Structures are given as structure tokens and as C-alpha cells.
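Working notes, structure below.
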Amino acid sequence: MTSTPRLDSLTAGGTNDVFDGIRLADGHVLTLKTRPGADTAEEVFLYAGLTAPDTEAWENEDQWEEWLTGGNLGEGSLYVDVPVEAVRDLIVQHGGEHDDQEPAPESTGKTDEGETAEVAATRALAEWITTSQTSPDPMTQLADLHGAFEIGYSADEVRSVFGRIAEEGGPYLVCVWDYADEYGFGGNSQFYAEGEDGGLFEVQPDLHLWLSGQQETPGPLDTWVCAPVAEPTEFPVSDDFHNYARVDRTDD
């Protein structure tokens with residue numbers, strides 16, 4: 001087991017376009033926003049007391065937010081486009097991840113009677129940035145997909161269903177078929193999640209059971225993606241959406 005299991009989970013499944021927190025072994029906290037399988041975190045926020053290493057990986061501090069708050073964020077620093085491995089190195093430097101992954105602490109600053117509107121706005125923005133963001137459960141928007149593949153599925157149905165899932169912030173799912181011929185995709189098939197670099201990841205069996213109507217829920221979106229696929233993931237046929245084929249029979 002690695003010393004960064006929570007980071008591994010978040011980077012494999014993504015954070016659904018919201019910040020998700022990681023508590024370090026020494027008590028420091030960071031939050032990040034990333035997409036499934038991405039090599040780079042879109043945004044990383046380091047809470048006060050946690051300092052970014054002086055390396056190229058951490059050079060993209062978000063000066064726009066600093067400008068918005070008049071340089072008074074006070075609660076930490078926001079970085080963009082940080083390599084996941086750089087985040088991992090930072091966590092390891094602080095002893096790895098804490099055994100108890102509690103949510104990031106919220107700012108509890110109070111407004112003094114003499115506080116100006118400008119200062120109040122600055123503090124409110126800082127609190128918004130440094131508070132772990134949440135969003136409604138996207139599964140409520142996908143509930144109607146239960147049993148969508150109950151009597152089987154075609155490449156068109158895969159595009160429709162997997163497209164819906166991606167739109168709601170889920171992993172980018174693909175279906176790999178045995179072959180593609182002049183009539184389309186065919187043969188046996190298997191579902192995977194695809195990362196931004198084109199690499200494939202195994203997915204929980206619960207996903208197929210849910211889509212086939214054999215299980216009521218597939219679990220939270222961030223639990224669907226599993227280990228990377230070891231076999232080659234380049235296929236001769238693709239519809240440029242959610243379908244691949246291992247063998248090209250279109251010229252047969």
C-alpha cells in the first residue's frame with residue numbers, strides 16, 4: 001500500500017469538478033481539483049502552514065485570485081496545473097497521508113463592526129476559496145439510467161449513456177468491442193474508464209450490474225474507477241466517442 005492512498009483514489013476517479021481534501025500525516029491540509037486519470041491537477045490549494053516547494057512544478061500560483069483579494073488570501077495559496085507526482089512528493093515530504101481523512105477545516109473568522117465592505121468581501125472570497133466545495137450528488141441526475149442496458153446495448157446506446165455520465169461529472173467511460181465491420185461494432189465487449197492521456201482503467205463490476213438492472217445503485221461516481229489496465233490500449237477502430245474495437249474487419 002502506498003503512503004498516498006487518498007491521492008491515488010482522487011486522481012483515478014476525479015473530483016467531479018469540485019475541490020476534495022487530503023489531510024497529511026503532520027496535520028496540514030490541501031485540497032485539489034482533478035479529472036479522472038489526469039497527470040496534472042487543475043487546481044491545488046495549500047492551507048496556511050503548508051508551503052509549496054520551490055520547483056518548476058509549483059510555479060503557477062494563481063495570481064488572479066491574489067489580485068481579487070488584494071493579496072490578502074491569508075488562509076493559504078492556490079496553484080494551477082500542478083503535476084500529480086509533485087503533489088504526491090509534497091505529501092510524502094510531510095510523512096504521507098493521515099490515517100483519519102477528515103474534511104478540510106472551514107474558516108471561522110467573524111466580521112468586526114468596523115469592517116469595511118471591501119474587507120468583508122475580501123474575507124468572504126478567501127473563505128470560499130479555502131473551504132472544501134460540494135455539489136449535489138450527480139447520481140440523482142443519472143437515476144434513469146438504471147437498467148438502460150437490461151436487454152443489451154449497441155454502440156449508439158453506449159454513446160448516449162456514457163455521454164450522459166460524462167456530462168454529469170462522471171469518468172469518461174468507453175466500451176471495447178471484439179471487432180468492427182461494415183455493420184458497426186460487434187462481438188463481446190468490456191467497459192473501461194479512459195484518462196486524459198488515453199490510458200484505460202478497470203471499472204467496478206457494480207457499474208455493469210446497475211446499467212443492466214441487476215443492482216439498484218453503482219455507488220458514488222468517485223468509486224467507479226479502479227486500477228490501470230496493463231495490456232496495450234491502442235485500438236484500430238474508434239468512433240471518437242465511447243466505442244473501440246480490437247479488430248478491424250471493415251475491409252473484409
> Where does each of 216-229, 40-53 land if you order them by average Cβ count within 10 Å, highest first?
Replying inline: 40-53, 216-229
> Nearest-5 percent of antiparallel DSSP beta bridges in region 136-252?
Replying inline: 75 percent
> What does the charge count near Gln215 come to, summing +1 for each Lys or Arg and -1 for each Asp or Glu among other residues with Cβ under 15 Å from its Cβ?
Replying inline: -3
> Relative to the present Cα-Cα distance, how much length would full extension add between Val229 and Asp99 at 0.36 nm per residue of separation?
Replying inline: 44.0 nm
> What value does region 144-229 have for Rg/Rh, both radii from Cα atoms and Rh as Kirkwood defines it?
Replying inline: 0.95
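Here, each number is a calculation from the coordinates, and none is a lab measurement. Just so it is clear, the model here is predicted, and its values are computed rather than measured. Cβ: placed from backbone, ideal geometry, glycine included. Neighbour counts: every protein chain shown.
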